[in-house]
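Asker: Pasting a structure below so you can have a look.
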Amino acid sequence: MLEKLAFIEKKYKELTNRAMDPELVKDIQEYQRVMKEHSELEPIVNKYREYSSYMDELEGAKEMLSEKLDDEMKEMVREEIKELEDNISQLEEEIKILLIPKDPNDHKNVIVEIRAGAGGDEAALFAGVLFRMYSMYAEKNNWKVELMDSNEIGIGGYKEVIFMIKGKGAYSRLKYESGVHRVQRVPETESSGRIHTSTSTVAVLPEAEDVDVVIDENDLKIDIYRSSGAGGQHVNTTDSAVRITHLPTGIVVACQDERSQIKNREKAMRILKTRIYDKMLSDQAAEIAADRRSQVGTGDRSERIRTYNYPQGRVTDHRINLTLHKLDDILDGDLDEIIESLITTDQAEKLKAQ
């Protein structure tokens, strides 16, 4: 580990010198690459320097202990050595976590797709609850939510809702939300008071940047049609809805939320690029079995990951066996405790796999 850290520090110094070169600014892309790599290495280098400083102090303290000292002074030095060793041990754990290979998508915005599963209207209403939950979580983090497309039912739910969350580190925190979310509650329409179980599926995709996916226009089949919505909502008198089919993969994206055909096409293309990029990532992950073992859960979107139980006011995440009795807070966007637990478990699994 020390050899690796020494190499990282050397690389960091080289990047620091490179960043000070006035010629670098003339190449914006190279400048951005250098500054990004520099900022990624900085926390590791700072911890390594702190670690080295403690190691020097420890060596000095041990040398003192070998000198002729009175009992009181020896005891003070032993206490100092114990404290230094504790600090060094803690720093070693922190450095190990920092050395875990970073997910290259962690800094990206996300596109979230929520679809009603089993349970009819109740599942669609729950999809609406989840949309609100993630929107409120985004608001707490000062992230921006942009609705991309939706298929509403007349009573306030969604058969499907697709939206983008823009903000630094959005994917790093929300990537654990993909999977089947299950709700247990008494529907308002249920006169006998029986608890119903229904589900909604969440997919969290890192937004594809232009460098990630290049699409050949000849590979696209584009259909324009008249949009329609629940209860007459979003109905246009012009053909503004857009459906794009990517012929090589068979991926189909439709967008009708905007009144402008140009805006619907732009949103549909962003969703299409992101889905193609997600397919590329999924194919890569499937090839590397070790990656699957070092993930929280299987990473499969058909996996049931969480249950929201209304009568008992609890939320259980099945991947980490975490149960919290604060359903209302969680549905109001208080997701940090669950997400932090998932991140900690994920880091522990990846450390084992190293």
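Asker: So which pairs qualify, if the first residue must be in region 136-161 and farther than 20 Å from GLN261 by Cα and outside the structural domain of ILE262 (by TED's automatic domain parsing), the second must be buried (at least 16 other Cβ atoms within 10 Å of the Cβ) and among the polar types (S, T, N, Q), the Cβ gap must be under 8 Å, and the two must be at least 6 apart or on different chains?
Answerer: What qualifies is VAL145/SER135; TYR158/SER150; TYR158/ASN151; LYS159/ASN151; GLU160/SER150; GLU160/ASN151.
Asker: Could you please give the count of residues in region 327-354 that are within 13 Å of the chain's Cα centre (by Cα), farther than 21 Å from GLN184 by Cα and of a type outside the set (Asp, Glu)?
Answerer: Count: 3.
Asker: Here's another thing I want to ask about it. Does ILE251 qualify as being at pLDDT 75 or above, surrounded by 14 or more Cβ atoms within 10 Å (Cβ to Cβ), under 30 Å from GLN184 (Cα atoms) and not hydroxyl-bearing (Ser, Thr, Tyr)?
Answerer: No: the conditions fail for ILE251.
Asker: State all residues of region 163-195 that are under 19 Å from SER341 (Cβ atoms), polar (S, T, N, Q) and not in a loop (DSSP other than H, G, I, E, B); if no residue qualifies, say none.
Answerer: SER172
Asker: Determine the pairs where a residue that is touching a residue at least 40 places away in the same chain (Cβ under 8 Å), located within region 241-254, has a partner that is among the aromatic types (Phe, Trp, Tyr) and surrounded by 15 or more Cβ atoms within 10 Å (Cβ to Cβ) with Cβ atoms under 6 Å apart, the partner being 6 or more residues away or on another chain.
Answerer: Short answer, once both residue conditions are applied: none.
Asker: Okay, next question. If you go through region 178-206 one residue at a time, how many are more than 18 Å from SER150 (Cβ to Cβ) and either buried (at least 19 other Cβ atoms within 10 Å of the Cβ) or among the β-branched types (Val, Ile, Thr) (or both)?
Answerer: 13
Asker: Okay, moving on. For region 129-142, indicate whether the set of residues that are assigned to a loop (DSSP other than H, G, I, E, B), touching a helix residue (DSSP H, G or I) at 6+ places or on another chain (Cβ under 9 Å) and at pLDDT 90 or above is non-empty.
Answerer: yes
Asker: Here's another thing I want to ask about it. So GLU146 fits all but one of (1) in contact with an Asp or Glu (Cβ under 8 Å, 6 or more places away or on another chain); (2) among the charged types (D, E, K, R); (3) assigned to a strand (DSSP E or B); what number is the exception?
Answerer: Single failed check for GLU146: (1).
The values are calculated or read from the model by the stated rules, or taken from the named source; none is laboratory data. Just so we're clear, the structure is a prediction, and the values are computed from it rather than from any experiment. All Cβ positions, glycine included, derive from the backbone under ideal geometry; neighbour counts span all protein chains shown.
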